1. Restricting the search to the stretch 318-345, which residues are closer than 15 Å to residue 360 by Cα and out of contact with any helix residue (DSSP H, G or I) (no Cβ under 7 Å at 6 or more places or on another chain)?
2. Name the pairs whose Cβ atoms lie under 6 Å apart, with the first residue in the stretch 81-96 and more than 18 Å from residue 182 (Cα to Cα), the second at pLDDT below 90 and part of a loop (DSSP other than H, G, I, E, B), and 6 or more positions between them or separate chains?
3. Cβ-Cβ distance below 6 Å, separation of 6 or more or different chains: which pairs start in the stretch 277-290 with a residue that is without any contact (Cβ under 8 Å) to a residue 40 or more places away in the chain and end on one that is surrounded by fewer than 24 Cβ atoms within 10 Å (Cβ to Cβ) and not in a helix (DSSP H, G or I)?
4. Quick one: in the stretch 193-216, which of the residues that are outside any helix (DSSP H, G or I) and under 11 Å from the mean Cα position of the chain (by Cα) is farthest from residue 354 (Cα to Cα)?
5. State yes or no: is residue 130 over 18 Å from residue 338 (Cα atoms) and either assigned to a loop (DSSP other than H, G, I, E, B) or at pLDDT 95 or above (or both)?
6. List the number of the failed condition for residue 238; all other conditions in (1) surrounded by fewer than 20 Cβ atoms within 10 Å (Cβ to Cβ); (2) out of contact with any strand residue (DSSP E or B) (no Cβ under 8 Å at 6 or more places or on another chain); (3) in a helix (DSSP H, G or I) hold.
7. List pairs: first in the stretch 16-34 and assigned by TED's automatic domain parsing to the domain that holds residue 46, second part of a helix (DSSP H, G or I) and surrounded by 11 or more Cβ atoms within 10 Å (Cβ to Cβ), Cβ under 7 Å, 6+ apart or cross-chain?
């Protein structure tokens, strides 16, 4: 049943909006006959001339077909086509983004087709900031329908560059969906849709696993300048330890390069961890290599876990316990979120969080030895 639009505007425009909304909601389907002109005159309390004008506008807009002597019918809408820009500075370096992009490319929506405007890998340098800004400008000039953006991390001026990029898209009226991470520090929230996982809960889950296998002094290792996702994982890590009434000290959170032998040695001496939660699998893989180089065995002396479940996680010298992210599904969800944002620009900003699961491998398989936590450190000093 059509409900008259009470907003401001010309009466024929209100009739058009009401009918469009009824079609969009499924009240009237393709091929279905609309109420007659006489019925519309009674429903909207207006003249036949006004109703006729509204129906003519809908016909010109391709919304309905008008058949002489029969009435007005909902017309099959043409398939929409969108071109989306992918601005992912870490593509080719952070492995979760490749399967996310594959999920985007394979996403199927029943009423639209989409193409993806890819950008080249930007390399691992400070020039990444200016290159990302240039790619943003190119996408603006190409007039993409929307932009998928994974904000920069680990570069000196990342915050300023990220802000400049979203402001450029905003000025061009191009909607943005963020991938994996926000562009403001946790726990703050930007005003853009974000597709990822609940990183705080992921940090909690992986830490709880280490505690369950016997760790009593679990540290957290992440690189300086990491994305806000890492801060959320740290929050979950800390919460899991406090909930278990385990030993906690702020120095247990170490922001170091996992390949820096001296920094790792210092961490082992000051924290004396029996388990380590790594910010991601990349950090865990490099830390495992460094621990091996200085003679510390995983998992016998230190239990090690990551987050992401990248493709090499099971191929490390000691297969890595980690959190699996459903990357392909994240890509498909991002496309759906973008289409919804284009069609309903006034929607509030949304966190679209997909579920994850724990993958237990040999890096945490061995039961914790019932020895003093200081024993491994003492053996290393000997």
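The values are calculated or read from the model by the stated rules, or taken from the named source; none is laboratory data. Every value quoted in this text rests on a predicted model; they were computed, and no experiment measured them. Using ideal geometry, Cβ is built from the backbone for each residue, glycine included, and neighbour counts are taken over all protein chains shown.
1. Of the residues in the stretch 318-345, the ones closer than 15 Å to residue 360 by Cα are 318-325.
Answer for the stretch 318-345, where residues must be closer than 15 Å to residue 360 by Cα and out of contact with any helix residue (DSSP H, G or I) (no Cβ under 7 Å at 6 or more places or on another chain): 324, 325.
2. Matching pairs, first to second residue: 92/121.
3. Between residues of the stretch 277-290 that are without any contact (Cβ under 8 Å) to a residue 40 or more places away in the chain and residues that are surrounded by fewer than 24 Cβ atoms within 10 Å (Cβ to Cβ) and not in a helix (DSSP H, G or I), the close pairs are 285/316; 286/259; 290/259.
4. Top of the filtered list is 193.
5. Working: over 18 Å from residue 338 (Cα atoms): yes; either assigned to a loop (DSSP other than H, G, I, E, B) or at pLDDT 95 or above (or both): no.
No; evaluated as a whole, the condition is false for this residue.
6. Evaluating residue 238 over (1) surrounded by fewer than 20 Cβ atoms within 10 Å (Cβ to Cβ); (2) out of contact with any strand residue (DSSP E or B) (no Cβ under 8 Å at 6 or more places or on another chain); (3) in a helix (DSSP H, G or I) leaves (2) as the failure.
7. Correct list of pairs: 16/54; 16/57; 16/58; 19/58; 28/22; 34/19.
Yes or no, residue by residue, for (1) surrounded by fewer than 18 Cβ atoms within 10 Å (Cβ to Cβ); (2) not in a loop (DSSP other than H, G, I, E, B):
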| position | (1), (2) |
| --- | --- |
| 254 | no, yes |
| 258 | no, no |
| 262 | yes, yes |
| 277 | no, yes |
